[in-house]
1. Residue check: is M449 farther than 30 Å from Y611 by Cβ and either touching a Phe, Trp or Tyr at 6+ places or on another chain (Cβ under 7 Å) or not β-branched (V, I, T) (or both)?
2. How many of the residues making up the stretch 143-169 are part of a loop (DSSP other than H, G, I, E, B) and either of a type outside the set (V, I, T) or under 20 Å from E222 (Cα atoms) (or both)?
3. Out of the stretch 486-518, which residues are crowded, with 23+ Cβ neighbours inside 10 Å and polar (S, T, N, Q)?
4. Go through the stretch 179-209 and count every residue that is surrounded by 17 or more Cβ atoms within 10 Å (Cβ to Cβ) and hydrophobic (A, V, I, L, M, F, W, C).
5. In the list D161, D166, D171, which residue meets the criterion of being over 34 Å from the mean Cα position of the chain (by Cα), without any contact (Cβ under 8 Å) to a residue 12 or more places away in the chain and surrounded by fewer than 19 Cβ atoms within 10 Å (Cβ to Cβ)?
6. So for the stretch 286-296 (the condition being at pLDDT below 95 and either more than 22 Å from P219 (Cβ to Cβ) or of a type in the set (S, T, Y) (or both)), does at least one residue qualify?
7. List pairs: first in the stretch 432-443 and free of Cβ contacts under 8 Å to residues at least 60 places away in the same chain, second of a type in the set (D, E) and not in a helix (DSSP H, G or I), Cβ under 7 Å, 6+ apart or cross-chain?
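The values are calculated or read from the model by the stated rules, or taken from the named source; none is laboratory data. Quick caveat, the model's predicted, so the values are computed rather than measured. Note that we place each Cβ from the backbone using ideal geometry, even for glycine, and neighbour counts take in every protein chain shown.
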Amino acid sequence: MSSAIYDSWNTEYKKPFGAIKKGSKCQFTIKLPKYMKLDFAPVMVFYRSGFKERFINMTLQDEVVVNEDGWTSEEENNYYVYTAEFSANHIDVHYYYFAVTIGGIRQYIKRKNRHTGSLDGKDVFQLTVYDAEFKTPDFVKGGVMYQIFPDRFYKSGKEHDNVPADRVFRDDWEGTPCYNPDAKGHVWNNDYFGGDLDGIAEKLPYLKELGVTCVYLNPIFESHENHRYNTANYEHIDPLLGTDEDFVNLCKKAEEMGIGIILDGVFSHTGADSIYFNKFKRYNTAGAYHSKQSQYYPWYTFHNWPEAYDAWWGIDTLPNVKEENPSYLEYICGDDGILQRWLDMGAMGYRLDVADELPDKFLDALRKKVKGVSEDKLIIGEVWEDASNKEAYGKKRRYLLGMQLDSVMNYPFKDSISRYVCGGSAMDFVDEINSILENYPKPSIDVLMNSLSTHDIERAINRFGGENCDGKTKEWMAEKFLTPYEYELGKNRLKVAMVLQFFLPGLPCIYYGDEIGMQGYKDPFNRRCFTWNNIDEDLVNFTKNLTKLRKCSDVFKEGETRLIACENNILSIVRYDVDYSGACVVYVNRSQNPETIAKSQNIFNYNTYDYKSEGSFVKDGILTLPPYGFAFAKVENPLHSSVLDTV
């Protein structure tokens, strides 16, 4: 038994671990040295933002149950143990700490580090209480997501109609995307390589063989820049990508292969060059920029019409919309609105761009519509921080309480993995992951979108093997490729990172091309075309092995998680059913040298199905992992938690 005063990650102190459902109960325990000589029993203090504090008296336990390997009798006699029970009556993020009075002086037990409490702690603890009816889609659990930047994945060669004449068409598929600004400093992003929806459909067998179960597409609606985050018309596919019928066909073919299609929902702004704003008079309809009588005029905020208006991050080609405007809200979230239109055509959900810029009223309406079509449709939000306690624009957000998002893009995991594989502390990694697992509702944890690279950041292989690109110019990044040594280092570290990505809770998301060794620093060089004629087959096969291992056990769908820093270079991830009916254990070595796992820390002597990476072996109960290697064990019938306790 631990002798800490309080530890929110230890079920001896807080049971159950992590977030809890409304209507459930949570037991809290603190252990106080007898020398403190309390004036009276401790008090537990709870509060929610904007509400008064709630006080719960703690009860002294008459008897302390001591585990065989726990306290000695002498230690037990030196502590008082107090408990309190909290009833979760309100859906919200709660904060708590403990108060004790010694010699007439009130003192507080608060968070000293990420999870333990002490009298010199400074921060409060968090308890997330979420809707008891909160469920997330089953179709993605235990699967693998794949992110595609549509213009750069595969070109079918099909001729497309109604493509605007002002686009620059590239015939050098593996060429460097344009990045130079014009004389006024504007980068137009108007060069297109011609990837399309039919091209993605042609490559579905490749994705199926890779083990992909869900594809997330960057924006595909009509737009006039190649990234398509400046929507011109939500009602149609961009003509260079194909037609609405091509999208329906893609969804049908994907569904036949067990793959769902997720769309990028860009609803905080539109393009200035759009049917709604129509700044450049591309469309025949009256847009907000040219007419105050336009039906779209109320969607935008003008300070001095028409030239001065709110725009996303001040970029005048991306005018912000008023998401709570009744007309806009109805257009996107209403009956037969944009959300329903594409779900009815076959989309399995949405990833929401800049979710922290979407107000609660809009997110509430969006969830009602999406889940009204089907509870099995997915809603993922782009949130870069801990989404459970995020504040945006002066307001505490409630993304993950069961009434808005299913889950989020999990940048905290990406950051933790990156730091660790590049030499960071193993204990820091464990603490950072556990912090998210403590704060997020379990339904959200099961469908976290776990990426190592995205269209917004440099590719992981560059981050792991190359020079740091922060502060570098685009000229520096444009033709900056890894040396053979840097590539090998980046690839080895990428493999370690992928092991962590695939076996931590949530859904691993492969950014197109990462699995073949594609390189690229920041936008637009991380958006190069998929190099179908230059594939690192070793990395592809490694990815396929990981997807197969994920599918060998249901623990990767909704299983519990335990992380162990065996030593600084060796991490262990244990995934197990809540009833201990099954478990999988992964060991990974981030070092360039072979590393061993002692008898007391490995489970390969149990009756297991095991997969060991090339070069790993067990001798005399000691597991040896090769440089950057991993080992995987599936425990068929663990006896309660005995197997897990050995790790």
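1. No, not satisfied.
2. The qualifying residues number 17.
3. Selection gives Q501 alone.
4. Residues that pass the stated criteria total 6.
5. It is D171.
6. Yes, the stretch 286-296 contains at least one residue that is at pLDDT below 95 and either more than 22 Å from P219 (Cβ to Cβ) or of a type in the set (S, T, Y) (or both).
7. Cβ pairs passing all conditions: I436/D386.
Table: residues versus (1) closer than 18 Å to F139 by Cβ; (2) out of contact with any helix residue (DSSP H, G or I) (no Cβ under 7 Å at 6 or more places or on another chain).
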{"position": "D310", "(1), (2)": "no, yes"}
{"position": "E323", "(1), (2)": "no, no"}
{"position": "D335", "(1), (2)": "no, yes"}
{"position": "A347", "(1), (2)": "yes, no"}
{"position": "L358", "(1), (2)": "no, yes"}
{"position": "K361", "(1), (2)": "no, yes"}
{"position": "R367", "(1), (2)": "yes, yes"}
{"position": "K390", "(1), (2)": "no, no"}
